[in-house]
Amino acid sequence: MGKNFEIDENNYRKYRNIPKPKPGEIFIFPKDNRLDEVSPYVNTQANQPSWFRMVGKHLGSIRRCAGTVDYLSSGVTVPMWTNTYFNPRHEGNFGWEIDQEHIPFPAHGEFRLQHFDYQSTGKCPMTQIRHEDAENGVYPKLVSPFNIMTAPGWSTIMLPVLFEPNKNYQVIPAIVNTDIYHEANVVLNIITNESFKITAGTAIAHLIPFKRNADFSKIKFMDQQNFILTTSRGFSEYQRFPVGSSSSPYRRYSRQIDEEIERMEKSKKSILRRFFK
């Protein structure tokens, strides 16, 4: 085995001593503790975006849409960790000059930038909306100063902040198996032809952990006769769709289902423990 693939037993033992997250947890390891002011944070109904809180709660409002509220309250938001400046260059330097404001990291150096060239994707659909120097310009990779760890069997999907699109760039989505690989960097598809800046603290990526082996693998097409029964379905055993807002009964019945599943799982575990004693 080549030298590059040898395992350093001392480092491996140290890695095993790192605290490990439980299912439903996500650990963030900062490059420097001073990054706490721009560190990723859990999305909840209590810290929804300011633009969302300014919308009224009238009938038909986005604030009364349970699907939107749950989406905005899911996962983790990653803010941009430093001011980053993008200036187009049509000769050399791969189409863009990118500068970041640095703070000294005694043990770890500065913020890092890498890139993927045009050939890494070829003419995939997203190249059609790139800046005019697309074939010479890179896909900048902003190397995150935050490493991410999830419980065994849990991965993390990285998404753009979809409700806050930016006219200058798109964040390229990806799934990272963060239980075994902890770097989740931000790759950009630059759209504009003009200079722009991403300010420190700007929400730049949306992380949603999920259980890998719970993903579905099949889709089944059913007969049309049950379409009407699954349209505007009500809640609870009576299947009556509520008059007015459906948000509260939707949440209440979802909570009942989740609690029932949890009770069943605990009961199964209890039986198995008694059986294998």
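The values are calculated or read from the model by the stated rules, or taken from the named source; none is laboratory data. Owing to the predicted nature of the structure, the values given are computational and were not obtained by experimental measurement. For neighbour counting, all protein chains shown are included, and Cβ atoms are generated from backbone atoms with ideal geometry for every residue, glycine included.
Go through the residues of region 138-148 one by one and say whether even a single one is within 13 Å of LEU188 (Cα to Cα) and aromatic (Phe, Trp, Tyr). Yes. Checking ALA200, ALA184 one by one, the residue that is closer than 17 Å to PHE116 by Cβ and among the small types (Gly, Ala, Ser) is ALA184 and no other.
Do the conditions hold for GLU194, that is, is it farther than 19 Å from GLN100 by Cα and of a type in the set (Asp, Glu)? Criteria not met by GLU194.
Taking region 154-204 and the strands (runs of 3 or more DSSP E) fully enclosed by it, the elements with 1 or more residues that are touching a Lys or Arg at 6+ places or on another chain (Cβ under 8 Å) and aromatic (Phe, Trp, Tyr) are at 154-159.
Being buried (at least 16 other Cβ atoms within 10 Å of the Cβ) and either in the same structural domain as PRO79 (by TED's automatic domain parsing) or closer than 21 Å to VAL42 by Cα (or both) is not true of ILE103. Taking region 127-153 as the range and being outside any strand (DSSP E or B) and under 25 Å from PHE111 (Cβ atoms) as the test, the residues that pass are ARG130, HIS131, ASP133, ASN136, GLY137, VAL138, SER144, PRO145. Among the candidates PHE210, PHE216, the residue that is over 30 Å from GLN100 (Cα atoms), modelled with pLDDT under 95 and part of a strand (DSSP E or B) is uniquely PHE210. A single entry from SER144, SER155 fulfils the requirement of being surrounded by 16 or more Cβ atoms within 10 Å (Cβ to Cβ), small (Gly, Ala, Ser) and either more than 30 Å from GLY67 (Cβ to Cβ) or touching a Ser or Thr at 6+ places or on another chain (Cβ under 7 Å) (or both): SER155.
The residues in region 28-43 that are assigned to a loop (DSSP other than H, G, I, E, B) and under 22 Å from ILE180 (Cβ atoms) can be counted, and the count is 2. The residue that is modelled with the highest pLDDT, counting only those in region 238-277 that are among the hydrophobic types (A, V, I, L, M, F, W, C) and in a loop (DSSP other than H, G, I, E, B), is PHE276. Scanning region 64-96 for residues that are surrounded by 11 or more Cβ atoms within 10 Å (Cβ to Cβ) and at pLDDT below 90 returns ARG64, CYS65, ALA66, PRO88, ARG89, HIS90, ASN93, PHE94, GLY95, TRP96.
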